[in-house]
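Asker: This is the structure I have questions about; it appears just below.
The values are calculated or read from the model by the stated rules, or taken from the named source; none is laboratory data. None of these values were measured; they are calculated from a predicted model. A quick note on method: Cβ atoms are made from the backbone with ideal geometry, for glycine too, and the neighbour counts reach across all protein chains shown.
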Amino acid sequence: MKSKGIWVLVSVLVVLGLLMAGFGYASSTSEIKPAKFVYTTHQSDSGFIEVANGWWMDQVTKRTGGKITFERFYGASLAKPGDTARTVGEGTAQMGMVGPAYTPAFFPAWTVVEVIYLSPSPYVTQITAKELLKKNNVIAAEWDKVNLHPVTPLPAAPAIICTKKQVKTIENLKGQKIRGYGFIIEALNLTGAVGVAMALGEVYDALQRGVLDGISGIPYEYSVAGRYHEVAPYCTDPGFGVYGTGVLVMNKNVWNSLDKGLKDIIEEVNSEFPTYFTNVALEVAEWKRLLVGLAEGQILYDMPASEKARFADLIKKPIKKSWIEKTSGKGFDAAKLLAEYESMLSKNMPNDLYTNIFTLIDKAKKELGK
């Protein structure tokens, strides 16, 4: 009888606990004030980063019972890339996707995540950059200064090179005019190519007219999404790795005004975001583009490790030195921050979930019957 009584008591406590948990959740959502947040980005809604951001927003809407919704402006229709930080910081939009490389003066310490040859994986970059946002006071202060709350990092997939003539070695790049971005431009110049800064919207025509010989500073997905494979069909991955990490941001005043229930929901979605970002938004998008690209005549070259090592030997140290020089005198020890970030990346690398699309070329050809 005593044993039976104990089990009854345990059962009652379990039921009460579940009810309390349920009421707690209901209470947290019931306290959330309905709101529509304006979201701005310079990217299209079809790219993997905005597919992922769309999932993030949809999840917040779903988990708040429809109380929080989003009005989304894509393709720089509300703010240009260099204006997004100001647009969100001033409150014209409540959220946005900021590419720090477009406004490096605002985020000198954060641009450490833009240095190439540090990480081959967007997944590892994302979880490491997220740690950096939380742990590094200098970086936190940069975002505070422009009235932004960083929600989650948004790293690009590894940068590739697509050209009119096939590139298999460093020597093949000599003299070629290649569109780049950020440190990719410096890397191209080191190989003997001519790195060119150019907006993506101008690249297709420039390739068609012979103004450019190729394009880099893009992930593989963009080579097909932007139809660049039609005019620069030869693509390879030289090992640059992750070359840019944007950030999903919220106006700081808006973030501070949110009740705890909504903040908890946002953090819950954030905890699930890296896996979704990598396994669904990124890899599915890249796989789909790979099938399209190969079917339409794109020629991919899986560069051997020995040649990638030659690229790294030529480029890695000068790029790290360049970043340190550019951020010197900005109020922090650049060399120390770079070493800290590299150490954090190394610690997280064993947990990597990302599969480089160039390792799947044979699988894609088999599926296409090639």
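Asker: Since Phe332 meets every condition but one in (1) surrounded by 17 or more Cβ atoms within 10 Å (Cβ to Cβ); (2) not in a loop (DSSP other than H, G, I, E, B), which condition does it not meet?
Answerer: Of the numbered conditions (1) surrounded by 17 or more Cβ atoms within 10 Å (Cβ to Cβ); (2) not in a loop (DSSP other than H, G, I, E, B), the odd one out for Phe332 is (2).
Asker: Here's a follow-up. Considering each of Leu212, Leu248 in turn, give the residue that is outside the structural domain of Lys316 (by TED's automatic domain parsing), under 24 Å from Ala76 (Cβ atoms) and hydrophobic (A, V, I, L, M, F, W, C).
Answerer: Details: Leu212 fails: outside the structural domain of Lys316 (by TED's automatic domain parsing).
The unique qualifying residue is Leu248.
Asker: How many residues does region 34-62 hold that are under 18 Å from Ala93 (Cβ atoms) and out of contact with any strand residue (DSSP E or B) (no Cβ under 9 Å at 6 or more places or on another chain)?
Answerer: 1
Asker: Here is a follow-up. Just need a number here: residues in region 236-253 that are within 13 Å of Lys316 (Cβ to Cβ) and in contact with a Pro (Cβ under 6 Å, 6 or more places away or on another chain).
Answerer: 1
Asker: If you take just the helices (runs of 4 or more DSSP H) that sit entirely in region 130-228, which of them hold at least 3 residues that are under 25 Å from Ala339 (Cβ atoms) and in contact (Cβ under 8 Å) with a residue 12 or more places away in the chain?
Answerer: Values: elements: 137-145, 183-191, 200-209, 220-225.
Answer list for region 130-228: 137-145, 183-191.
Asker: Residues in region 317-352 that are over 22 Å from the mean Cα position of the chain (by Cα) and over 19 Å from Ala187 (Cα atoms): how many?
Answerer: The number of residues fulfilling the criteria is 9.
Asker: Same structure, new question: Here is a list of conditions, (1) farther than 20 Å from Ile184 by Cα; (2) touching a residue at least 60 places away in the same chain (Cβ under 8 Å), and Phe311 meets all of them except one; can you say which number that is?
Answerer: Of (1) farther than 20 Å from Ile184 by Cα; (2) touching a residue at least 60 places away in the same chain (Cβ under 8 Å), only one is false for Phe311: (1).
Asker: Right, another one. Quick check: is even one residue across region 44-52 surrounded by 12 or more Cβ atoms within 10 Å (Cβ to Cβ), modelled with pLDDT of 95 or more and among the aliphatic types (A, V, I, L, M)?
Answerer: Within region 44-52 (the criterion being surrounded by 12 or more Cβ atoms within 10 Å (Cβ to Cβ), modelled with pLDDT of 95 or more and among the aliphatic types (A, V, I, L, M)), the answer is no, since none of the residues qualifies.
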